[in-house]
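The values are calculated or read from the model by the stated rules, or taken from the named source; none is laboratory data. This one's a predicted model, so the numbers in the text were calculated from it and none came from an experiment. Cβ: placed from backbone, ideal geometry, glycine included. Neighbour counts: every protein chain shown. With ligands, DNA and RNA removed, areas are computed over all heavy atoms of the protein, side chains included. Shrake-Rupley method; radii C 1.70, N 1.55, O 1.52, S 1.80 Å.
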Amino acid sequence: MGQNTYRTIHWGRDLQVWLVEGRDFRSPNTQPDGPGKTIWGAKQKQWFYDTVKESNATFRILVSPTPLVGPDRQNKNDNYANAGFTYEGAEIRKFLGGQKSMYVICGDRTGSMPRPTR
């Protein structure tokens with residue numbers, strides 16, 4: 001994995017993928033929301049912004065273990081789709097919205113489809 005748990009992989013000239021870490025740097029979920037509350041941590045977030053700005057890949061994909069948009073379940077308060085991390089979530093979404101050919105894949109969500117019956 002390397003020195004950091006977050007990393008980027010450039011695959012040829014057309015694809016670059018970012019894998020971010022959502023547990024190692026996060027503030028407590030119960031901390032009041034604001035500029036000091038984080039999931040990614042200042043160092044990882046700055047690394048993400050810098051490397052995305054420097055990227056010349058045709059397609060750029062962020063793989064996030066937690067959702068960046070909602071809605072999420074009302075009893076949750078531990079990701080960017082909840083009120084608990086509104087400040088940082090809005091900051092990251094604003095940055096992503098200004099990028100060309102940037103896509104987000106969330107790895108921690110299951111569908112809400114009913115289970116099949118036997």
query = When the accessible area of the chain is split by element with a 1.4 Å probe, what percent falls to carbon and sulfur?
reply = 54 percent
task = Order these peptides, 8-15, 85-92, by their mean beta-carbon neighbour count within 10 angstrom, highest first.
result = 85-92, 8-15
